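Colleague: Pasting a structure here, questions to come.
The values are calculated or read from the model by the stated rules, or taken from the named source; none is laboratory data. Note that the coordinates shown come from a computational prediction; the quantities given were computed from them, not determined experimentally. Glycine gets a Cβ as well: all are built from the backbone with ideal geometry, and neighbour counts include every protein chain shown. Only protein heavy atoms, including side chains, enter the accessible area calculation; ligands, DNA and RNA are left aside. Shrake-Rupley method; radii C 1.70, N 1.55, O 1.52, S 1.80 Å.
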Amino acid sequence: MAPILEINNLFKNYGPVEILKDINVAIEQGDFLVLVGPSGCGKSTLLNCIAGLEPITSGKMAIGGQDMTNVSPKDRDIAMVFQSYALYPTMTVAKNITFGMKVRGIDQAVQDQKLAHVAQQLQIEPLLNRKPGQLSGGQRQRVAMGRALVRDPKLFLFDEPLSNLDAKLRVEMRTEIKALHQRLGASMVYVTHDQIEAMTLATKIVVMKGGVIQQIGTPAEIYNRPANLFVADFMGSPAMNLIPAKAKANGAGMQIEIAREKGDPIVLTDTRNQDLPENVILGVRPEDIADAAIGRGGDTQEADCIIDIVEPAGADTFAVMQLGGKHVTARLHAETTAAAGTAQRLAFDLGKVSYFAPETGLRLN
Amino acid sequence: MTDLSYSPASSGSSATKIALRWGLYIMLGLFALFYLMPLFVMVTTSFKSLEEIRTGDLISLPREVTLDAWRTAWSGACTGIQCEGVRPFFWNSVLIAIPAVMISTLIGALNGYVVAQWRFKGANLFFALMLFGCFIPFQVVLLPMARMLGLMGLAGTIPGLIFVHVIYGLGFTTLFFRNYYVSIPAELTKAAKVDGAGFFRIFWSIFLPLSLPIIVVTVIWQFTQIWNDFLFGISFSQAGTQPVTVALNNIVNSTTGVKAYNVDMAAAIIAALPTLFVYVVAGKYFVRGLTAGSVKG
Ligand SMILES: Nc1ncnc2c1ncn2[C@@H]1O[C@H](COP(=O)(O)OP(=O)(O)O)[C@@H](O)[C@H]1O
Ligand SMILES: [Mg+2]
């Protein structure tokens, strides 16, 4: 089957400014694609290009196997949820939801039945006769979803739909959107600047920066094997520790040496990777540094580290130390004995580390 | 009302506060009086007989209220050789003002919608030229416009005057609507496009229903301009198509012998009534419309 959405060599300029550079993405039916990146990186622009709301400068785009490069938004069989919700202020909720069908001249009975179905699905039946101004943020968000759902399109487009909600509601709606996706089996493209949203919702993530795709992959691939320093730093919270280190070949593998302000360097032996250049940046997720005493499986190597700061966060305790001239965070168990100013024996999981070239920022392993 | 502009020191004593408040009211009252004085004189004079005007005091109330001057002004006063009062001219003004206001408002709304929401190449230049049109002194365009009306066969006709007022109102009406519509998020138009609506559908179903406040502002503005216009009225009309402002001028200037001040005043008030009426009926929307622009759902 043809991919539901296929973008080839898309470029987009605003005047002389290149906003999107050589975008290539394809998703299959049922995929939940999340475009994630810092604000201003061109996510909304790309979504608008997919919707046909912005003309593209060059490249090709197909939806459901049909070329859509020059097709107007209404003929693309898409529905879109906007960041500001963009509800029609003078229309009731019901009219907002049925406006698209009315414009397309769909039979009134069908409109009523679809409206009822969507209203029930999103539990907004009591709101149908209200105007958007009389709704709370969360309710507006639901109505905006309803307006998209009622269309039953080939492709749903979401532009930061949760960013205007408070933190608690955001998490609730996130779960609800995920449930909706699973129930409908619909194909979705979802824009967010929030990497947690990206990780939790996506079946496939596109990480963007400055209009260029940095990496495409499943959440696990992006998280475990970031393609470059930007992705490594952007995805995950707290961020991946990126520690300058020296690599030397020694019989069994590579010897990784991390300088410290006080005391000897930490020396770890990595048996999985060969042929690393001398200068590398070692990427270690905070959860891959654990209390040696508590122990865990995997390919761990231990070292004593002076802990500078201890930050209990309920389920975990974060310990911050100074390694290779950088603050390095370890995610320890809540019961850890680590205390500020004292040495703690920590285990580094070398099976999960990433190496990057300091000059290019690209992944080495 | 809490007045935040008071410094903490002066808000200490409530007596000072009250004194200041009263001082403010007295000032405002004096200003109001100053502005209302001419109107007061006009109204009282229009109800006096000529006899009383000659012998009495300018600012005294009429001893005897008479409607004669009003009757004469409406249907008997001479505007030259013709002596039918302002009535026929009043209707001319109505016939000019109403279509001109409606047409210029509607086109202004469409222009504003395009400039604000459908960015096209040269939109800024177009809008700048439109704005420039607001500032062209009308005297400058009299001759070219007269020539043009002649070529169009509309010289001296009411449709000709409507045309002129529509053209010269467009700068302002476009400006009003454009400024109102730029505050409407572009995502609204995008959502409607995705929903399948086209240019006119979006205007009609989404923008126009949002526009009541700015429509009121525009209508008041345009109506006042067009109704009160004298220059175009006297330049592009002929006997039979003159608006009320021109008739008023003629009544005042064509009386020979004793000036009938009471008739002049009554005629002036009649000529001003429609604009007064529009302000009273729609004034509160006017203020609201000027300060509004928020459509945050
Ligand atoms: N209409 C426009 N004209 C010119 N530049 C624009 C326009 N829209 C967006 N941009 C620029 O394109 C870049 C990407 O914007 P956007 O796609 O909105 O970013 P994101 O959604 O990732 O935050 C930004 O630098 C923005 O300034
Ligand atoms: Mg955006």
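Colleague: Taking 7 Å along the Cα-to-C-beta vector as the label spot, tell me the B:Ile26-A:Asn279 distance in nanometres, rounded to one decimal.
Modeller: Reported label-point gap for B:Ile26 and A:Asn279 is 8.2 nm.
Colleague: Another question, if that's okay. Quick check: the angle from helix A:167-184's long axis to the longest principal axis of chain A, C-alpha only, nearest 10 degrees?
Modeller: Compared with the principal axis, the helix lies near 70 degrees.
Colleague: Oh, and also: Residues of segment B:62-105 with amide nitrogen under 19 Å from the 7 Å Cα-to-Cβ point of B:Leu36?
Modeller: B:62
Colleague: Note down the magnitude of the dipole of chain B about its Cα centre, charges +1 on Lys and Arg C-beta and -1 on Asp and Glu C-beta and zero elsewhere, to the nearest 20 debye.
Modeller: 920
Colleague: Rounded to two decimals, what is the ratio between the C-alpha radius of gyration of chain A and 2.2 N^0.38 Å?
Modeller: With N residues counted in chain A, Rg over 2.2 N^0.38 Å equals 1.18.
Colleague: Counting helices only, and only those DSSP H runs with n ≥ 4, report the 222 nm mean residue ellipticity of chain B as the sum of -39,500 (n - 2.57) divided by its residues, in deg cm²/dmol to the nearest 500.
Modeller: Only helices count here, giving -23000 deg cm²/dmol.
Colleague: What is the distance in Å between the Cα centres of segment B:231-262 and segment B:153-177?
Modeller: Cα centroid of segment B:231-262 versus Cα centroid of segment B:153-177: 22 Å apart.
Colleague: Which parts of segment B:195-226, residue by residue, lose 40 Å² or more of accessible area when the rest of the protein chains are there, as against the chain isolated (1.4 Å probe)?
Modeller: For segment B:195-226, once contacts with the other chains are taken into account, B:Asp195, B:Gly196, B:Arg201, B:Ile206 lose 40 Å² or more.
Colleague: Also, I was wondering about something else. According to a simple spin-label model (label point 7 Å from Cα along Cα-to-Cβ), what is the distance in nm between B:Phe230 and B:Trp204?
Modeller: Between B:Trp204 and B:Phe230, the simple spin-label model gives 4.4 nm.
Colleague: Could I ask something else about it? Kindly point out, ordered by number, any Cys in chain B whose beta-carbon has no other cysteine beta-carbon under 4.7 Å away.
Modeller: Here B:Cys134 come out as lacking a disulfide-compatible partner, given the Cβ-Cβ threshold of under 4.7 Å.
Colleague: I want to check the label-to-label distance for A:Asp75 and B:Phe132. Put each point 7 Å from Cα in the C-beta direction and report it in nm to one decimal.
Modeller: It works out to 3.9 nm between the two label points.
Colleague: Give me the angle, in degrees from 0 to 90, between the Cα long axis of helix A:108-121 and the longest principal axis of the Cα atoms of chain A, rounded to the nearest 10.
Modeller: 30
Colleague: Want the number for A:Asp107 to A:Lys352: 0.36 nm per residue separation, take away the alpha-carbon distance, what's left?
Modeller: Here the answer is 82.5 nm.
Colleague: Further question: Taking every pair of alpha-carbon atoms in segment A:56-161, give the share separated by more than 21 Å as a whole percent.
Modeller: Value for segment A:56-161 (Cα pairs over 21 Å): 37 percent.
Colleague: In segment A:293-365, which GluC sites (Glu not before Pro) are in a loop and have at most 14 other Cβ atoms within 10 Å, using DSSP for the loop call?
Modeller: Those satisfying the criteria are A:Glu335, A:Glu359.
Colleague: Further question: When Rg is the radius of gyration of the Cα atoms in the protein assembly as shown and Rh is its Kirkwood radius, what does Rg/Rh come to?
Modeller: Answer for the protein assembly as shown: 1.17.
Colleague: Under 5 Å between amide hydrogens, which residues at least 5 positions from A:Met208 or on another chain qualify, with H placed 1.01 Å from N in the peptide plane?
Modeller: When sequence neighbours closer than 5 places are left aside, the close amide H contacts are A:Val36, A:Gly37, A:Gln214.
Colleague: First measure r as the distance between the Cβ atoms of A:Ala179 and A:Asp308, then evaluate 1/(1 + (r/R0)^6) with R0 = 56 Å and state the FRET efficiency to the nearest 0.05.
Modeller: For R0 = 56 Å, the calculated efficiency reads 0.85.
Colleague: So for segment A:5-234: antiparallel DSSP bridges make up what percent, rounded to the nearest 5?
Modeller: For segment A:5-234, the DSSP antiparallel bridge percentage is about 50.
Colleague: To continue, here is another question. Give me the summed buried accessible area for the B-A pair, 1.4 Å probe, to the nearest 100 Å².
Modeller: Result for this pair: about 1900 Å² buried.
Colleague: Which angle from 0 to 90°, rounded to the nearest 10, does the C-alpha axis of helix A:93-103 make with the longest principal axis of chain A?
Modeller: The angle comes out at about 70 degrees.
Colleague: Also, quick follow-up: Given only helices, namely DSSP H runs of n ≥ 4 each adding -39500 (n - 2.57), what is the per-residue ellipticity at 222 nm of chain A, to the nearest 500 deg cm²/dmol?
Modeller: Helix-only estimate at 222 nm: -7000 deg cm²/dmol.
Colleague: May I ask you to give the solvent-accessible area per residue for chain A, in square angstrom, as obtained with a 1.4 angstrom probe?
Modeller: Accessible area per residue: 43 Å².
Colleague: Which links in A:Lys114/A:Lys154; A:Lys154/A:Lys204; A:Lys168/B:Lys190; A:Lys43/A:Lys352; A:Lys95/A:Lys154; A:Lys43/A:Lys168 stretch past 20 Å when you go from one Cα to the other?
Modeller: With Cα atoms farther than 20 Å apart: A:Lys168/B:Lys190; A:Lys43/A:Lys352; A:Lys95/A:Lys154; A:Lys43/A:Lys168.
Colleague: To continue, here is another question. What is the set of long-range amide H partners of A:Asn273 at a cut-off below 5 Å, with H atoms built 1.01 Å from backbone N?
Modeller: Those qualifying (amide H under 5 Å, at least 5 residues apart or on another chain) are A:Met254.
Colleague: Leaving out same-chain residues fewer than 8 places away, which lysines sit with a Cα under 23 Å from that of B:Lys284?
Modeller: Counting by Cα, and skipping residues close in sequence, B:Lys284 has these lysines nearby: B:Lys296.
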